[in-house]
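Asks: This is the structure, below, for whatever I ask next.
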Amino acid sequence: MSEKPKYYISTAIAYTSGKPHIGNTYEIVLADAIARYKRSQGYDVYFQTGTDEHGQKIELKAQEAGISPKEFVDNVSKEIKRIWDLMDTSYDKFIRTTDEYHEKQVQKIFKKLYDQGDIYKGYYEGMYCTPCESFFTESQLVDGKCPDCGREVQPAKEEAYFFRMSKYADRLIEHINTHPEFIQPVSRKNEMMNNFLLPGLQDLCVSRTSFKWGIPVDFDDKHVVYVWLDALTNYITGIGYDCDGQSSEKFEKYWPADLHLIGKDIIRFHTIYWPIFLMALGLPLPKQVFGHPWLLQGDGKMSKSKGNVLYADELVDFFGVDAVRYFVLHEMPFENDGVISWELMVERLNSDLANTLGNLVNRTVSMTNKYFGGTVTDKGVAEEVDADLKAVMENTPKAVDEKMDGLRVADAITEIFNLFKRCNKYIDETMPWALAKDEAKKDRLETVLWNLIQGISAGARLLESFMPSTSRKILDQLGDGHVTDKPEILFQRLDVEEVLKKVEELHPAAEEAETEEPENVIDIEAKPEITYDQFGAMQFQVGEIIACEEVKKSKKLLCSQVRIGSQVKQIVSGIKAYYTPEEMVGKKVMVLVNLKPAKLAGVLSEGMLLCAEDADGNLALVVPEKDMPAGAEIC
């Protein structure tokens, strides 16, 4: 008997600074869907997740709470694990970076890298971002702020150990170029190559002395290990890696990882720092790193006082576990950010889950009981319409396989629901209630119901990876031609107004914030008044970005080709820190068209894209609320 192929999948370990919101929870559900699907294909899957528990930010949070850092992370880690379990995720290992085995291995790894000359002692002087726990040079800052999160940075100088990143840079570039599947999606690969690797890597600070909550450097206890060197190594320590060469059978079996599933905001750490650490340790690199997009709140930036932070457990109370799983998996595009809101959740629950799926199962079970006492067989009375249903049944597993192989999970779910929609259409085409009126057509009616049960069952089996509880409930009701006496309601329809009313009752602070002290607003210095004629001299139109690239001589500029009516204008914008060229293409934007052309970094710009800027200096393109044609006048 041949051994099962192995598949090791990991999530990024969740940072223990607070309760995870639904955007954080999306990643564990996505990883779980992939892990379950691989198991269904016969893989020996190892699925690891956990919590990242060290660093200055944690130390400060614990001080604010009046408890020790360990007590603080114990509480938060417990809450994260509770949420992961609530979401029915099937992980095999939940690692904590405060686990004794992990801490010991990190110390041994640091010493090994020091002894072989990859780590050396020096001092660091630069601009430090506490939330990101990262140093930056002045040139790396964006408008004087952290290039990763956009927050304020502070000057800092301290003794530190450094890793010689440049020693391995060429080898990493070669690996990325010869392994096109290593970084996905491709837009993330281009960003890492063009923004970090090709310009040249600086040595990385890998220890700190300004705080204590970290793993001590055991041969120099003034220092604690840099949080990313600590956190990233969980992927090998969690499966039994031993720096002394005594690694476990589990490590030998499962490493290298098949997939690191992470958020796009930490792609740099996983595709530059982590591979170089592994090269220095003489270990093979993970086969693939997928930087998934973000799940954003539909009504803007999350704010507790506004009441728009969505948590998984609260959503589950309203909609149920599988409905929440369905939404976060189905609503996330492959590369672009997804949006979640209470209104969208209710809409999807009612249309996709209660109607398309729930009503289909209900009708089929009810008709089978009504016309045949709950048991049907294939009478073989086929008609032309049956062939198309059977073709969809046959092709759907292949389509789902193809989508899942490319990690296009949302598309895979769409394929399954296309099968359910085809079953609904089949009911409309065959009209079982009409067949039931003619005794001569009884065998045809039984065949129709048999086909329906087969189609729904096929879809339910495919659904198991994404909505495991719902899949079991459907299959339990249908059996193999014998249905339950009474159909179980899978999803209850909800009234959006009633849901919103209950949400307001749960979050009274939202109303208070609007009437008393609006939080998410900005006051700026007023400019002199202008006349209507002055405003009328400016020409604003909707433009469609058809191409975009980085301006080579600039760290801030993107050059876009913008279709405005029958013309195409070239517009240079300082938004490189907020959008990749790939994200820009296809967007409908608002353009100041008649701005006098000017050269920026040597590149001609023939207009201006309108952007909004928040208090932290973050930019967002201003886009039309509804789809408008390129060239439409803005007035």
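The numbers here are math on the coordinates, done by the rules we state, and not lab data. What you are looking at is a predicted structure, and each value in this text was computed from that prediction instead of being measured. With ideal geometry, Cβ positions are generated from the backbone for all residues, glycine too; neighbour counts draw on all protein chains shown.
Asks: Go from 0 up to the bin containing the longest alpha carbon distance in the range 554-596, width 5 Å each, and give me the % of pairs per bin.
Replies: Cα pair-distance distribution for the range 554-596, in percent: 5, 18, 35, 25, 13, 4, 0.
Asks: Right, something else. Which FRET efficiency value, to the nearest 0.05, do you get for K104 and E384 by plugging their Cβ-Cβ distance into 1/(1 + (r/R0)^6) with R0 = 56 Å?
Replies: 0.20
Asks: Now for a different question. K222: which aspartates and glutamates have alpha carbons under 15 Å from its alpha carbon, excluding same-chain residues fewer than 8 sequence positions away?
Replies: Once the sequence-local aspartates and glutamates are set aside, what remains near K222 is E158, E159.
Asks: While we're on this one: Select from the range 358-406 those GluC sites (Glu not before Pro) which occupy a DSSP coil region and have at most 14 other Cβ atoms within 10 Å, ordered by residue number.
Replies: Within the range 358-406, the qualifying GluC sites (Glu not before Pro) (loop, at most 14 other Cβ atoms within 10 Å) are E383.
Asks: Enumerate the calculated ³J(HN,Hα) couplings along the range 542-555 in order (Karplus 6.51 cos²θ - 1.76 cosθ + 1.60, θ = phi - 60°), each rounded to whole Hz, writing x wherever the residue is Gly or Pro.
Replies: 7, x, 10, 7, 9, 7, 7, 8, 6, 7, 4, 8, 10, 8
Asks: How do the peptides 368-381, 102-115 rank, highest first, by the average count of neighbouring beta carbon atoms within 10 Å per residue?
Replies: 102-115, 368-381
Asks: Okay, next question. Compare the peptides 207-217, 28-38 by average per-residue count of other Cβ atoms within 10 angstrom and give them in order, highest first.
Replies: 28-38, 207-217
Asks: Using the Karplus equation 6.51 cos²θ - 1.76 cosθ + 1.60 (θ = phi - 60°), what ³J(HN,Hα) coupling, rounded to whole Hz, does each residue of the range 260-276 give in order, writing x for Gly and Pro?
Replies: Going residue by residue, I get 9, 9, 9, x, 4, 6, 10, 5, 4, 5, 8, 10, 10, 5, 4, x, 5 Hz, with x marking Gly and Pro.
Asks: Separate question: With 5 Å bins from zero, work out the P(r) of the range 532-634 over every alpha carbon pair and list the percent per bin.
Replies: For the range 532-634, the binned pair fractions read 2, 13, 24, 25, 21, 10, 4, 1 percent.
Asks: My understanding is that a pair violates if its Cα-Cα distance is over 22 Å; which of K287/K555; K57/K78; K38/K108 do that in this structure?
Replies: Table pairs above 22 Å Cα-Cα are K287/K555; K38/K108.
Asks: A further question follows. Within the range 340-478, how many Lys pairs sit with Cα atoms under 16 Å apart, leaving out pairs fewer than 8 places apart on the same chain?
Replies: 9
Asks: How do the peptides 175-183, 353-361, 87-95 rank, highest first, by the average count of neighbouring beta carbon atoms within 10 Å per residue?
Replies: Descending mean neighbour count gives 353-361, 87-95, 175-183.
Asks: Report, in degrees rounded to the nearest 10, the 0 to 90 angle that the Cα long axis of helix 442-463 makes with the longest principal axis of the chain.
Replies: Compared with the principal axis, the helix lies near 10 degrees.
Asks: What is the Å³ per residue value for the convex hull set by the Cα atoms of the range 340-478?
Replies: So the per-residue hull volume is 105 Å³.
Asks: Just to be sure I understand the model, the point goes 7 Å from the Cα along the line to the Cβ. What's the resulting E174 to Y120 distance in nm?
Replies: Using points 7 Å along Cα→Cβ, the separation is 2.3 nm.
Asks: Sort K587, K145, K398 so the one with the fewest other Cβ atoms within 10 Å of its own Cβ comes first.
Replies: K398, K587, K145
Asks: When a/c is below 1.5 the answer is rounded, else prolate if a/b is larger than b/c, else oblate, so apply that to the range 304-402 with a ≥ b ≥ c taken from the square roots of the Cα gyration tensor eigenvalues.
Replies: Cα axes put the range 304-402 in the oblate bin.
Asks: What are the lysines whose alpha-carbon lies under 16 Å from the alpha-carbon of K61, with same-chain residues fewer than 8 places away excluded?
Replies: Within the straight-line cut-off, K61 pairs with K19, K70, K212.
Asks: Go ahead and run the numbers for FRET between L592 and E343, Cβ-Cβ distance against an R0 of 25 Å, rounding to 0.05.
Replies: Computed FRET efficiency for L592 and E343 comes out at 0.15.
Asks: Additional query: For the modelled label position 7 Å from the Cα of Q246 along Cα-to-Cβ, which residues of the range 104-134 have backbone nitrogen atoms closer than 18 Å?
Replies: 104-112
Asks: Starting from the Cα-Cα distance between D480 and T209, subtract it from 0.36 nm times their residue separation and give me the gain in nm to one decimal.
Replies: Working it through step by step, the gained length comes to 91.0 nm.
Asks: Assuming R0 = 30 Å, what is the FRET efficiency of E314 and D265, from their Cβ-Cβ distance, to the nearest 0.05?
Replies: 0.80
Asks: Right, something else. Put +1 on the Cβ of every Lys and Arg and -1 on every Asp and Glu Cβ in the chain; which of A280, L141, F290 then has its Cα farthest towards the positive end of the dipole?
Replies: A280
Asks: Right, here's the next one. Please work out whether the range 102-178 counts as rounded, prolate or oblate from its C-alpha gyration tensor, where a ≥ b ≥ c are the square roots of the eigenvalues and a/c under 1.5 means rounded, while otherwise a/b larger than b/c means prolate and anything else oblate?
Replies: Oblate is the answer for the range 102-178, as a/c is 1.5 or above yet b/c matches or exceeds a/b.
Asks: For the chain, what does the convex hull of the Cα positions come to per residue, in cubic angstrom?
Replies: 208 Å³
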